[in-house]
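The values are calculated or read from the model by the stated rules, or taken from the named source; none is laboratory data. Owing to the predicted nature of the structure, the values given are computational and were not obtained by experimental measurement. Virtual Cβ from ideal backbone geometry, glycine too; neighbours counted across all protein chains shown.
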Amino acid sequence: MFIEERHQQIFELLQEIGRVEVIELSKIFKLSEDSIRRDLRLMEEKGLVKRTYGGAILPDKVNQSAKYKERKELNIEVKSLLAELAVTLIKNDDTIWLDGSSTIAMMVPLLNKVYGLTVITNSISIASDVMNCTDCKLFMIGGMVDRISTNTSGIESLKIIQQLTVDKVFIGPCGISPEWGLSDNSLDEAEIKKTIIEAGREVFILADSSKFGQRSLARITLLQPEYTLITDQNLSQEMRQELQALVQKGLRIITGKIPEI
């Protein structure tokens, strides 16, 4: 496992349970306690955790801005892999929705491989990056801007999205569960994602294997057989079995191998 992947999983454990212990992390990742302490020190330097005696907690002022900026630095190999797989599914002249997640953001530099795209997003950060694409039309969804996430949301955003039909929707949920479905940490974002999914002819869900089996605060929607999941090769056999009923009805699971460095 790459160090970025380990830091990502430690951070997600913190979000779920609020506190982690060095001893327990050592058992989970099969590493020495000194190695885990070193991980927590590096994460603290990035503002992701606050170290305590014997472990770590979330900082007093953890916010979505820190999450977005820091997560762009974490798990880069996996995110790049998922982005590359996703872009191969885009055709010339498609109209696509790009979700405001750090995984989806990795797709943007690759869009120059496709011609005549129309990109729609509610993410100011992603919209800014799309401006560098040489052959993309950009449609930015208006509404109330969240200064932390840099995404727009609210009734104004939803009204616009409800009038759209797009060829392909690419979203990055915080959690995926066969029973609970797709979920997000933000109620507003969950509603945006739900609405754009309903507007998409095809729906592609990008998530690394650690997101499977997780439930976040707000449900977006249940998993549907017509969706396509894009993940890495570390998706467990147990999770594959839980998804088998949906696979038999048409759910696609695309996996790629993380390159060794």
- Task: Could you figure out which of (1) loosely packed, with under 11 Cβ neighbours inside 10 Å; (2) outside any helix (DSSP H, G or I) isn't true of GLN248?
- Result: (2)
- Could you check LYS159 against (1) part of a helix (DSSP H, G or I); (2) crowded, with 16+ Cβ neighbours inside 10 Å and say which number it fails? (2)
- Task: Return only the number of the condition from (1) assigned to a loop (DSSP other than H, G, I, E, B); (2) closer than 21 Å to ASN234 by Cα that LEU85 does not satisfy.
- Result: (1)
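Residue under question is ASN75, and the condition is that it be under 15 Å from the mean Cα position of the chain (by Cα), crowded, with 21+ Cβ neighbours inside 10 Å and either modelled with pLDDT under 80 or basic (Lys, Arg) (or both); does it hold?
Working: under 15 Å from the mean Cα position of the chain (by Cα): yes; crowded, with 21+ Cβ neighbours inside 10 Å: yes; either modelled with pLDDT under 80 or basic (Lys, Arg) (or both): yes.
It is true that ASN75 is under 15 Å from the mean Cα position of the chain (by Cα), crowded, with 21+ Cβ neighbours inside 10 Å and either modelled with pLDDT under 80 or basic (Lys, Arg) (or both).
May I ask you to say which residue of ILE148, ILE197 is modelled with pLDDT under 90, assigned by TED's automatic domain parsing to the domain that holds ASP93 and either over 25 Å from SER236 (Cβ atoms) or assigned to a helix (DSSP H, G or I) (or both)?
Values: ILE197 fails: modelled with pLDDT under 90.
Just a single option satisfies the conditions, and that option is ILE148.
Looking only at segment 205-222, decide whether some residue is farther than 27 Å from ILE17 by Cβ and of a type in the set (Phe, Trp, Tyr). Full working, then the answer.
Residues of segment 205-222 farther than 27 Å from ILE17 by Cβ: none.
For segment 205-222, residues farther than 27 Å from ILE17 by Cβ and of a type in the set (Phe, Trp, Tyr): absent.
Would you confirm, using the coordinates I've provided, whether GLY256 is out of contact with any Ser or Thr (no Cβ under 7 Å at 6 or more places or on another chain), at pLDDT 95 or above and among the small types (Gly, Ala, Ser)? Quick ask: steps written out before the conclusion?
On the way: out of contact with any Ser or Thr (no Cβ under 7 Å at 6 or more places or on another chain): yes; at pLDDT 95 or above: no; among the small types (Gly, Ala, Ser): yes.
Considered against the rule, which asks whether it is out of contact with any Ser or Thr (no Cβ under 7 Å at 6 or more places or on another chain), at pLDDT 95 or above and among the small types (Gly, Ala, Ser), GLY256 comes out as no.
Please work out which residue is nearest to LYS79 (Cα to Cα), limiting yourself to segment 89-112 and to residues that are of a type in the set (Ser, Thr, Tyr) and in contact with a helix residue (DSSP H, G or I) (Cβ under 7 Å, 6 or more places away or on another chain). Working first, answer last.
If we filter segment 89-112 for residues that are of a type in the set (Ser, Thr, Tyr), which is where we start, we get 95, 101-103.
Add one more test, that the residue is in contact with a helix residue (DSSP H, G or I) (Cβ under 7 Å, 6 or more places away or on another chain), and what stays is 102-103.
Values: SER102: 8, THR103: 5 Å.
That would be THR103.
Tell me the residue from ASP188, ASP135, ASP232 that is charged (D, E, K, R), closer than 28 Å to GLU77 by Cα and either in contact with a strand residue (DSSP E or B) (Cβ under 6 Å, 6 or more places away or on another chain) or buried (at least 20 other Cβ atoms within 10 Å of the Cβ) (or both), please. Let's see the steps before the verdict.
On the way: ASP188 fails: closer than 28 Å to GLU77 by Cα; ASP135 fails: either in contact with a strand residue (DSSP E or B) (Cβ under 6 Å, 6 or more places away or on another chain) or buried (at least 20 other Cβ atoms within 10 Å of the Cβ) (or both).
Criteria check complete, one pass: ASP232.
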- Query: Which one of these is among the aliphatic types (A, V, I, L, M), modelled with pLDDT under 95 and within 15 Å of the chain's Cα centre (by Cα): ILE155, ILE176?
  - Reply: ILE176
